[in-house]
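The values are calculated or read from the model by the stated rules, or taken from the named source; none is laboratory data. These numbers come from a predicted model, not from an experiment. We place every Cβ from the backbone using ideal geometry, glycine too, and count neighbours over all the protein chains shown. Accessible surface is based on the protein model in full, side chains and every heavy atom, while ligands, DNA and RNA are left aside. Shrake-Rupley method; radii C 1.70, N 1.55, O 1.52, S 1.80 Å.
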Amino acid sequence: MLDQRFDPAASEAQIYQRWEEADCFKPSGDTSAEAYSIVIPPPNVTGVLHMGHALNNTLQDILIRYHRMTGKNVLWQPGTDHAGIATQMVVERQMAESGSNESRASLGREAFVERVWEWKEESGGQIIGQLKRLGASCDWSRTAFTMGEDGSDDDQMVRAVRKVFVDLYNDGLIYRAKRLVNWDPHFQTAISDLEVENKEVAGHMWHFKYPLAGGATYTYVEKDEDGNVTLEEERDYISIATTRPETMLGDGAVAVHPSDERYASIVGKLCEIPVGPKEHRRLIPIITDEYPDPDFGSGAVKITGAHDFNDYQVAKRGNIPMYALMDERGAMRSDGAPYAEVAETAGRIARGQESFDEATITAMNLVPDEYRGLDRFEARKQVVADITAEGLAVMVTDEEGNVIPLVEDKKVMQPFGDRSGVVIEPMLTDQWFVDAETLAKPAIEAVKTGKTRFVPENWEKTYFNWMENIQPWCVSRQLWWGHRIPAWFGPTLRDDQVPSGKTPAADRLADDQYAKTIFCAESLAEAIAQAQRYYGDDFHVFCDDSKPSGYSTSHIGGTKPHWVNLSQDPDVLDTWFSSGLWPFSTQGWPDAKGNEDLKTFFPGSVLVTAFDIIFFWVARMMMQGIHFMGEVPFKDVYIHALVLDEKGQKMSKSKGNAIDPLELIDEYGADALRFTMAAMAAQGRNVRLSKQRVEGYRNFSTKLWNAARFCQMNECANWDGALDPATLTQPVNQWIVGELAKTGAEATTAIEEYRFDGAAGAAYRFIWNIFCDWYLELIKPLLNGEDEAAKAETRRTAGWVLDEILKLLHPFMPFVTEALWEQLGEDGPKREGFLMLEAWPSYGDAFGNDAAAEEMDWVIDLVTEVRSVRADLGVSPGSKVPASLVNASETNAARLGRHGEVISRLARLEGLGVVEETPAGAVTTVVDEALLALKIADIIDIGEAKARLTKEIASLEKDVTGIEKKLGNENFVSRAPADVVEENRQRLADGKERLEKLKGAEARLAQL
RNA sequence: GGGCGGUUAGCUCAGCGGUAGAGCACUACAUUGACAUUGUAGGGGUCACAGGUUCGAUCCCUGUACCGCCCACCA
């Protein structure tokens, strides 16, 4: 006998364990069956399950369980992501909080990475355990990790990443270059555009005067739209606006628009940056460029190529030096020669007296001595104060007549690191870039031609929009935790050290300055071999890590053989670089190219993810998948919503509004949480989660449990396989199997179309509102009756339908359904195996039975009508009311004969029969063509009864008039589809007939 | 600035060219017969607004307003 209710806490873990031990999650291995595969979006290895994971993995598990039941060879590939920055951050924070004096720096690279591995081992299983609690049916024996230990037995991921990197490098799709990149001063690494969040913050715009060199002056004229002069004055300066005064120190020019007449006379002249020691004020040229907008501010823009993305482009076009001002912490530089010396050089460059190369410019620290070492925001304050003190701020008169510096309060968009939260600094650094534009082309094409399909479709636009404007992807990170970049740098050799026929000095100046001294290879040995071939036999190549005996730096340039010391790039790759390989790296690539798993499970059937990750991950997988496998990595991309709190806010720990899915599982069970996720997963929407909703679906599972209990008590739980609808004789049984078949079809279609809410809703409605509310009530008389054949048939049908329900519901509520499957099986023939491995139901047309459906609908309508009347008129619920059906049709009279008992029971009626005359003292209501007379006139308030009728008549009359009007419209009758017209005619006829009867009832009531 | 989405019952949301729906909340009633994690009944909507297309618009089109989100961005 089933317990009173299902106890998720006690049962779920145990059920899960049994599935796992029986290898239920592994692919069937039946290669004759269609393969169905999903790769999990790998959660951070050190992460904990949050609501987003719960939604994402519930939906995947529903698909996986469904397709497994349809007999496919199913793989849900699990794994975790090493999550470079995030994980490194966690470990660093732990060290900081531990109170020990350890830090990343004190530990050193090797020990620190070792520490991260330890942490990974310690916490890496946690999230997997949590996914198991959710019921995720991944094949855990294949759990993958985006990293691996170089040189260990488990280095396949390392080899995959290296191969990808080296191949792309050899194809010219990865290159190293000095570019302006987003620099995170907290983590002291470059990050990609996607990892930058632009936020609007309150800022200021300062206006400063850049005096013309040598005290030169010009006539500054402003005109209005009509060409009338509004301002004319002699100026010895050009006015510049800036929100970042500290970057003035690195200005290389002032730019104006070529059409800007105000400044035409001073273009080509020099002006002075109004900051720094007076005797070494730097002069910079006034140039023209299309970039400045003459209508904004003064129309003149300072150009700081090394600290602003727009300026960078201008500087590149105009060959303006880009002076880097800050160090990796975002503080003003304190390296290099004293300011006076450097400023002198810069001055000569500005006057065109000295040529310059990138390396020279990079080495120059133009931060005046008094600002060196200051934090960038400190430096900003200083610069503003110094300029203002010197009287070089643009002044205005305020409302009270005071002359004050012009400082506008202004909302400015500021870039922040998405992980660190600090202000990102554009920095000129050497980084590795992927030529995303080239890789994006086939990835765009694949979606255009439908090889990969987005569901819902509108996400394609987002994808296209981004892919079509894609920028080079900066993939190097100055971190320690990650895939080390497989590139080794050779030394820069003096001219007399250069191998014959090679010209490194020239190479250095070229755009691909490093190309000839970089050795990109899948292993150190290969890199050394490459270098050896490059340098020739006169050189002996080795690497830092393996200093050969007899090595001495003095040998360089000395007697042969010369020593060439390679050192590996210290940087690691962006986490997403390896995540992008996930669909094939998890299947053993590159080792297993051509092996069964890769052939069988790549490409994946669908990728399930949230929209916030389309760019980060989906796009990268598309690019890398197509490039390396020659095929799209998945056929469908299902984009689901984000989980928000009840108020529509993004859940986050810091806001304190996060609901912990594990707590919900503890409280309501995994099934309830899963069902909630499915029911709320309407496409293209956010999911607002409330506990109440979860509670409601927990109640649903209890409802199912109790329905099963009822079946069991009534010996309906005997499981005996198939059911032939043709053998059914009872309308109620014929009807329920038809309803079940409809539900099954609806759920199947919905899942196939990724409408999880539709599938969940269909199951919910059928189980609660049809099976429990009606079917189980309707069969009670049969189960308690004398007709043994009918009883047997009903038991069999109820038992069968219950089993089918368990199957249909299983992908959504795997635990409670599996528990019921097992426990109900104890009453009947022994079940062979797990519910999760049963076949997904597919019902033929044979299950539909229109006549039975119509008959049962009539019964249900009748009962509902009586209940409504009783409730409205305040008839006490317990009392049995004498009732009869007046002037019923033959059909309905027959139906009453078959169902009178159950109707009487459900509607609390007695003496229910067919009569020709309305009995005295009866209140009547209309059911179909007949009047239903209830002898209650003496126990109710006639006024209320009348009011009820009046209301119904009014509402019906409104309907009827509406339809009459419609049918009276010539255009409607001639132009609307015939079936619509016919349907309206029928409705009108029915309405009128009913109206007449209601009016009759009203009249009769008036006589009482 | 560009793009995407939203506006339907008190709340959260489905829906859809032809009769406006669910869950929760609310109201009333019911209590040993599977289930109070329940049952029965009920109230509650100018489907944001304005035009247009159509025999017919909550639905399609255009515009407006407001609300989200994404991308870009003026120094």
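Over 18 Å apart: what share of the alpha carbon pairs of segment A:278-437 falls there, rounded to a whole percent? That tail contains 69 percent of the Cα-Cα pairs.
Distance between the C-alpha centres of segment A:851-868 and segment A:705-772: 19 Å, rounded to the whole angstrom. For A:LYS163, the lysines whose Cα comes closer than 30 Å to its Cα, not counting residues fewer than 8 places off in the same chain, are A:LYS26, A:LYS120, A:LYS178, A:LYS441, A:LYS448, A:LYS451, A:LYS502, A:LYS516, A:LYS547, A:LYS593, A:LYS599, A:LYS635. Here segment A:796-875 yields Rg over Rh of 1.17, to two decimals, using C-alpha coordinates and the Kirkwood radius. Between segment A:789-813 and segment A:1-67, what is the separation of their alpha carbon centroids in Å? Here the answer is 24 Å between Cα centres.
Between A:GLU753 and A:ALA871, the simple spin-label model (points 7 angstrom out along Cα→Cβ) gives 3.2 nm. Measuring spread by the Cα atoms of segment A:859-1008 yields a radius of gyration and Dmax of 17.1, 54 Å.
Per-residue extension of 0.36 nm, minus the Cα-Cα distance of A:ASN319 and A:ASP3, leaves a gain of 105.6 nm for this segment. Note on A:GLU667 and A:GLU929: the extension gain reaches 89.2 nm, defined as 0.36 nm multiplied by sequence separation minus the Cα-Cα distance. Modelled label positions at A:ASP154 and A:ALA839, each set 7 Å beyond Cα in the direction of Cβ, lie 4.1 nm from each other. The amide H of A:THR452, built 1.01 Å from its N in the peptide plane, has A:VAL447 as neighbours under 5 Å, considering only residues 5 or more places off or on other chains. Ligands, DNA and RNA left out, the 1.4 Å accessible surface of segment A:289-333 is 45% carbon and sulfur atoms. Phi-derived couplings, Karplus 6.51 cos²θ - 1.76 cosθ + 1.60 at θ = phi - 60°, listed residue by residue for segment A:376-390: 4, 7, 4, 4, 4, 4, 4, 4, 4, 4, 5, 5, 4, 4, 7 Hz, with x used for Gly and Pro. Can you list the aspartates and glutamates whose alpha carbon is less than 13 Å from that of A:LYS410, not counting same-chain residues fewer than 8 positions off? Partners within reach: A:GLU200. For segment A:781-841, the Kirkwood hydrodynamic radius comes to 12.6 Å, computed from all pairs of different C-alpha atoms.
The orientation-averaged shadow of the Cα convex hull for segment A:225-339, equal to a quarter of the hull surface, comes to 8.4 nm². Remark: relative contact order (segment A:1-118) = 27 percent; criterion is Cα-Cα distance under 8 angstrom and separation of 6 or more residues. Take the convex hull of the alpha carbons in segment A:580-643; its mean projected area over all directions comes to 4.1 nm². Measuring spread by the Cα atoms of segment A:691-780 yields a radius of gyration and Dmax of 14.4, 45 Å. So if we plug the beta-carbon distance of A:LEU1008 and A:LEU967 into 1/(1 + (r/R0)^6) with R0 = 56 Å, what FRET efficiency do we get, rounded to 0.05? Rounded to the nearest 0.05, the efficiency is 0.95. For chain A, the list of Cys residues with no other Cys C-beta under 4.7 Å reads A:CYS24, A:CYS138, A:CYS271, A:CYS474, A:CYS520, A:CYS543, A:CYS772. Exposure here means at most 10 other Cβ atoms within 10 Å; with trypsin sites (Lys or Arg not before Pro) in a DSSP loop as sites, the longest stretch of chain A lacking them is A:1-646. The orientation-averaged projection of the convex hull spanning the C-alpha atoms of segment A:860-942 amounts to 4.7 square nanometres. Residues of chain A were split at every exposed loop site, defined as GluC sites (Glu not before Pro) in a DSSP loop with at most 10 other C-beta atoms within 10 angstrom, and the longest piece left, sites excluded, is A:401-785.
For segment A:331-421, just say rounded, prolate or oblate: build the C-alpha gyration tensor, square-root its eigenvalues into a ≥ b ≥ c, call rounded for a/c under 1.5, and beyond that prolate if a/b exceeds b/c, oblate if not. Oblate, since a/c reaches 1.5 and b/c is not below a/b.
Remark: C-alpha extents of chain A on the principal axes read 119, 80, 60 Å, sorted largest to smallest. Each DSSP beta bridge with both residues in chain A is either parallel or antiparallel, and the antiparallel ones are about 70%.
Only protein atoms count toward the accessible area here, which uses a 1.4 Å probe; on segment A:142-285, the carbon and sulfur part of that area reaches 43 percent.
Per residue, chain A exposes 44 Å² of solvent-accessible protein surface, assessed with a 1.4 angstrom probe and all protein chains in place. Annotation: for a label point projected 7 angstrom from Cα along Cα→Cβ of A:LYS223, no residues of segment A:295-321 have a backbone N closer than 12 Å. Note on A:ALA202 and A:TRP117: with the Förster distance fixed at 56 Å, the Cβ-Cβ geometry gives a FRET efficiency of about 0.80. Partner lysines whose Cα lies under 18 Å from the Cα of A:LYS935, excluding those fewer than 8 positions away in the same chain, are identified as A:LYS880, A:LYS946, A:LYS997.
Only protein heavy atoms count here; under a 1.4 Å probe, A:PHE356 has an accessible surface of about 60 Å². Ranked from largest, the principal axis spans of the Cα set of segment A:25-152 equal 58, 35, 18 Å. With the simple spin-label model, which puts each label point 7 Å out from Cα in the Cβ direction, the A:GLN692 to A:SER100 separation comes to 5.0 nm. With R₀ fixed at 30 Å, the C-beta to C-beta distance from A:VAL48 to A:ASP167 puts the FRET efficiency at about 0.25. Taking all C-alpha pairs of segment A:192-280, those more than 22 Å from each other amount to 43 percent. Most tightly packed first, judged by the mean number of other beta-carbon atoms within 10 Å of their residues, the peptides A:181-188, A:38-45 read A:38-45, A:181-188.
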